[in-house]
Amino acid sequence: MSAAGALAARAVDVQPPDALARKLALGRPLRVKLGVDPTAPDIHLGHAVVLGKLREFQDAGHTAVLVIGDWTARVGDPSGRTSTRPMLTAEDIEQNATTYREQAFRILDPDRTELRRNGEWFGPMGLEELFRIASRATVNQLLVRKDFAQRIGEERPISVLELLYPLMQAYDSVMLDADVELGGTDQLFNLMLGREMQQRFGAEPQVAMTMPILPGTDGVRRMSKSTGNYIGVAEDPAEQFGKVMSIPDEAMSEFFRLLFPAEAPPAGHPGAEKRRLGRLVADRFHGPGAGERAEAHFDRLFRDRAAPSDLPEVAVAPGSVHLPALLVDALGLASRSEARRMVQQGGVSVDGEVVTDLDVDASVLDGRTVRAGKRRFARVVVR
């Protein structure tokens with residue numbers, strides 16, 4: 001297989017078709033760009049698909065340019081959206097950006113990554129330069145996007161700010177001298193606009209390469225935190241393994257193909273293959289041996305019906321305990337509203353007995369094991 005063919009493996013689009021081979025023929029390291037907007041605090045396995053492709057370019061000797069979209073995140077990518085995203089605060093974006101960097105480097109080689117923020121050029125930009133960028137595209141050109149066209153047909157609003165997003169992403173490619181830009185299949189319009197923007201600023205246009213979108217743990221919808229069907233790269237190995245075990249049998253092949261292409265595709269019993277996938281995921285993000293430990297933890301919980309042997313301990317003061325707060329602080333649930341729903345739906349137990357009261361006396365919890373959902377445990381002591 002040619003070098004271009006190997007680097008394009010599993011890609012959905014490579015546009016123009018012969019452009020990657022021509023870029024490689026230049027005989028220099030290519031600048032391969034991937035932009036990520038820190039709109040949420042965690043990276044999940046869906047992000048790992050395109051980050052893994054960026055790592056392949058690194059391993060072939062090319063420069064990975066990872067762009068943290070601290071300014072594009074303020075606008076919000078409209079790709080695939082049926083409504084306007086809420087604007088994030090600068091503080092939220094900064095906090096998310098910090099975790100994105102740490103989690104991305106679980107996949108990328110930090111020593112061979114050029115880490116940039118598009119606030120470098122958008123932060124000090126004045127209106128004159130913004131007008132110059134906006135003049136490089138037409139409203140007609142932007143409104144042919146499928147998501148914009150759909151919203152117009154459904155009489156849903158499109159903010160002027162959203163129209164700027166594709167232009168901002170495209171201008172990133174100008175500022176970074178990108179030879180290749182990676183993205184999911186929903187990013188093809190933005191990537192192709194980047195080519196046009198580079199040409200209009202007198203630069204050599206980039207290659208647009210899109211990767212498939214990984215399904216979520218439901219096997220149907222795309223992996224997303226907003227739908228709860230995700231596996232985070234920084235989640236506890238036991239949590240990762242448990243979530244993999246919930247994936248529908250028919251979706252496993254896609255997980256192997258996109259995340260572990262060097263591994264043999266699933267051919268044995270679905271349960272055994274899910275265990276193999278769970279071990280691979282845990283090992284990849286937490287180091288060798290993490291998968292075996294996560295599998296043992298899973299078996300203890302679900303095969304042996306026992307609590308983990310290494311329970312975390314949480315201390316509470318005498319008196320009334322607000323259970324949702326305890327679940328967030330001690331068991332790592334994302335929010336009190338999520339914890340409240342779990343209690344009310346019977347998903348929380350104390351020593352195996354379901355608890356539906358939001359407030360309980362500390363004496364009821366003292367020395368006992370609190371369980372939330374299938375895989376979260378803590379032992380409570382009153383002090």
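Listed here are the residues, each with its yes/no results for (1) aliphatic (A, V, I, L, M); (2) out of contact with any Asp or Glu (no Cβ under 8 Å at 6 or more places or on another chain); (3) closer than 17 Å to Gly228 by Cβ; (4) open to solvent by 30 Å² or more (accessible area, probe 1.4 Å).
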position: Leu323; (1), (2), (3), (4): yes, no, no, no
position: Ser349; (1), (2), (3), (4): no, yes, no, no
position: Asp357; (1), (2), (3), (4): no, yes, no, yes
position: Leu365; (1), (2), (3), (4): yes, yes, no, no
position: Arg371; (1), (2), (3), (4): no, yes, no, yes
position: Ala378; (1), (2), (3), (4): yes, no, no, no
Asp186, sole failed condition from (1) assigned to a helix (DSSP H, G or I); (2) modelled with pLDDT of 95 or more: (2)
Yes/no for Thr99 being touching a Ser or Thr at 6+ places or on another chain (Cβ under 9 Å), among the hydroxyl-bearing types (Ser, Thr, Tyr) and within 30 Å of Leu7 (Cβ to Cβ): no
Residue match in region 149-158 (condition: under 18 Å from Gln15 (Cβ atoms), surrounded by 13 or more Cβ atoms within 10 Å (Cβ to Cβ) and out of contact with any strand residue (DSSP E or B) (no Cβ under 6 Å at 6 or more places or on another chain)): no
Failed item in (1) assigned to a loop (DSSP other than H, G, I, E, B); (2) without any contact (Cβ under 8 Å) to a residue 60 or more places away in the chain; (3) open to solvent by less than 10 Å² (accessible area, probe 1.4 Å); (4) not aromatic (Phe, Trp, Tyr), with Thr217 passing the rest: (3)
Checklist (1) touching a helix residue (DSSP H, G or I) at 6+ places or on another chain (Cβ under 6 Å); (2) open to solvent by 70 Å² or more (accessible area, probe 1.4 Å) applied to Lys146, failing item: (1)
Failed condition for Leu108, given (1) within 30 Å of Phe57 (Cα to Cα); (2) open to solvent by 80 Å² or more (accessible area, probe 1.4 Å): (2)
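Here is a yes/no grid of residues against (1) modelled with pLDDT of 85 or more; (2) farther than 24 Å from Ser246 by Cα:
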site: His322; (1), (2): yes, yes
site: Leu326; (1), (2): yes, yes
site: Gly332; (1), (2): no, no
site: Glu338; (1), (2): no, no
site: Gly352; (1), (2): no, no
site: Leu358; (1), (2): yes, yes
site: Val364; (1), (2): no, yes
site: Gly367; (1), (2): no, yes
site: Arg375; (1), (2): no, no
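Limited to region 204-217, what total is found for residues that are over 16 Å from the mean Cα position of the chain (by Cα) and either at pLDDT below 95 or of a type in the set (Val, Ile, Thr) (or both)?
1
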All positions within region 26-41 that are of a type outside the set (Ser, Thr, Tyr) and open to solvent by 50 Å² or more (accessible area, probe 1.4 Å): Leu26, Gly27, Arg28, Pro29, Arg31, Pro41
Filtered residues of region 136-181 (kept if within 25 Å of Val65 (Cβ to Cβ) and either without any contact (Cβ under 8 Å) to a residue 12 or more places away in the chain or assigned to a loop (DSSP other than H, G, I, E, B) (or both)): Arg136, Ala137, Arg145, Asp177, Ala178, Asp179
Strands (runs of 3 or more DSSP E) completely within region 1-107 that count 2 or more residues being at pLDDT 85 or above and of a type in the set (Lys, Arg): 31-36
Matching residues, region 261-302, being surrounded by fewer than 19 Cβ atoms within 10 Å (Cβ to Cβ), under 16 Å from Leu214 (Cβ atoms) and in contact (Cβ under 8 Å) with a residue 24 or more places away in the chain: Pro261
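Does Ser226 meet the test of being open to solvent by 40 Å² or more (accessible area, probe 1.4 Å), of a type in the set (S, T, N, Q) and assigned to a helix (DSSP H, G or I)?
Numbers: open to solvent by 40 Å² or more (accessible area, probe 1.4 Å): yes; of a type in the set (S, T, N, Q): yes; assigned to a helix (DSSP H, G or I): no.
It is false that Ser226 is open to solvent by 40 Å² or more (accessible area, probe 1.4 Å), of a type in the set (S, T, N, Q) and assigned to a helix (DSSP H, G or I).
Would it be correct to say that Gly184 is at positive phi and under 15 Å from the mean Cα position of the chain (by Cα)?
So Gly184 does not fit the description; no.
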Some residue of region 125-142 being open to solvent by less than 20 Å² (accessible area, probe 1.4 Å) and among the basic types (Lys, Arg): no
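The values are calculated or read from the model by the stated rules, or taken from the named source; none is laboratory data. Because the structure is a prediction, the values reported are computed rather than measured. Neighbour counts run over all protein chains shown; Cβ positions are idealised from the backbone, glycine included. To get the accessible areas, we keep the full protein, side chains included, count just its heavy atoms, and leave off ligands, DNA and RNA. Shrake-Rupley method; radii C 1.70, N 1.55, O 1.52, S 1.80 Å.
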